[in-house]
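Working notes, structure below.
The values are calculated or read from the model by the stated rules, or taken from the named source; none is laboratory data. Computed from a prediction, not measured in an experiment: that's the story for all the values here. Glycine gets a Cβ as well: all are built from the backbone with ideal geometry, and neighbour counts include every protein chain shown.
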Amino acid sequence: MTYLAYVAVFGVVAVLLLWFRDARIFFRTGLSGYRKAAYGGVVYGAIAVFGGACAMFSLELLGLGLILAALYLQGRVAREKIWSNEGAIERFIGTVPVQRANKK
């Protein structure tokens, strides 16, 4: 196992965290762009996990290519703008008031 396998593991974790972020924003706001991104994140996460498995079994370049493709495709999904001018700390700890699209 070379250092590229560790890079692949980092890439898989990044793809999964982006998927969880999209799902969390969808559940908090109900916006359709994040719903599509969360559903697509399932597919992109599977591609990334398969790429990570390929990287572990000495096919590092193929695995890294699949992970990079998953990252690229995950970033191409159109999402609504939900942040205005709050700071990163306020967004991280969740103190920003959320405006729900599906408020009943």
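Among the listed residues VAL42, VAL15, identify the single one that is under 13 Å from ALA69 (Cβ atoms) and of a type in the set (A, V, I, L, M). Working first, answer last.
On the way: VAL42 fails: under 13 Å from ALA69 (Cβ atoms).
From the options VAL42, VAL15, the qualifying one is VAL15.
When both residues are 6+ apart or on different chains and their Cβ atoms are under 6 Å apart, which pairs have a first residue that lies in the range 34-54 and is over 10 Å from VAL15 (Cβ atoms) and touching a residue at least 24 places away in the same chain (Cβ under 8 Å), and a second that is aliphatic (A, V, I, L, M) and surrounded by 18 or more Cβ atoms within 10 Å (Cβ to Cβ)?
Every condition considered, the pairs that remain are TYR34/ILE25.
Just to be sure before I move on: is LEU18 touching a residue at least 24 places away in the same chain (Cβ under 8 Å) and either over 25 Å from ILE82 (Cα atoms) or not acidic (Asp, Glu) (or both) in the structure I sent? Give the derivation first.
On the way: touching a residue at least 24 places away in the same chain (Cβ under 8 Å): yes; either over 25 Å from ILE82 (Cα atoms) or not acidic (Asp, Glu) (or both): yes.
Spelling it out, LEU18 is indeed touching a residue at least 24 places away in the same chain (Cβ under 8 Å) and either over 25 Å from ILE82 (Cα atoms) or not acidic (Asp, Glu) (or both).
Taking into account only those residues within the range 1-26 that are of a type in the set (Phe, Trp, Tyr) and within 15 Å of the chain's Cα centre (by Cα), which is nearest to ALA53 (Cα to Cα)? Walk me through how you get there before you give the answer.
Taking the range 1-26 as the starting set, the residues that turn out to be of a type in the set (Phe, Trp, Tyr) are 3, 6, 10, 19-20, 26.
Restricting the remaining residues to those that are within 15 Å of the chain's Cα centre (by Cα) gives 10, 19-20, 26.
On the way: PHE10: 13, TRP19: 19, PHE20: 20, PHE26: 29 Å.
Looking at the filtered set, the residue picked out is PHE10.
So which residues in the range 48-72 are part of a helix (DSSP H, G or I) and either hydroxyl-bearing (Ser, Thr, Tyr) or closer than 30 Å to ILE82 by Cβ (or both)?
Let us first name the residues in the range 48-72 that are part of a helix (DSSP H, G or I), namely 48-56, 60-72.
If the condition is that a residue be part of a helix (DSSP H, G or I) and either hydroxyl-bearing (Ser, Thr, Tyr) or closer than 30 Å to ILE82 by Cβ (or both), then ALA48, VAL49, GLY51, GLY52, LEU66, ILE67, LEU68, ALA69, ALA70, LEU71, TYR72 are the ones that fit.
Filter the range 27-47 for residues that are part of a helix (DSSP H, G or I) and either among the aromatic types (Phe, Trp, Tyr) or at positive phi (or both); which is farthest from the chain's Cα centre (by Cα)? Outline the logic, then answer.
Our first condition is that a residue be part of a helix (DSSP H, G or I); within the range 27-47, this holds for 27-29, 32-47.
If we keep only those that are either among the aromatic types (Phe, Trp, Tyr) or at positive phi (or both) as well, we get 27, 34, 39, 44.
Details: PHE27: 15, TYR34: 11, TYR39: 11, TYR44: 8 Å.
This residue is PHE27.
How about the range 48-103: which of its residues are of a type in the set (A, V, I, L, M), at pLDDT 90 or above and under 13 Å from the mean Cα position of the chain (by Cα)?
The answer is ALA48, VAL49, ILE67, LEU68, ALA69, ALA70, LEU71, LEU73.
From the set of residues in the range 46-84 that are among the charged types (D, E, K, R) and touching a helix residue (DSSP H, G or I) at 6+ places or on another chain (Cβ under 8 Å), which is nearest to ASP22 (Cα to Cα)? Full working, then the answer.
Filtering the range 46-84 for residues among the charged types (D, E, K, R) gives 60, 76, 79-81.
When the remaining residues are screened for being touching a helix residue (DSSP H, G or I) at 6+ places or on another chain (Cβ under 8 Å), the result is 60, 79-80.
Working: GLU60: 28, ARG79: 9, GLU80: 11 Å.
My answer is ARG79.
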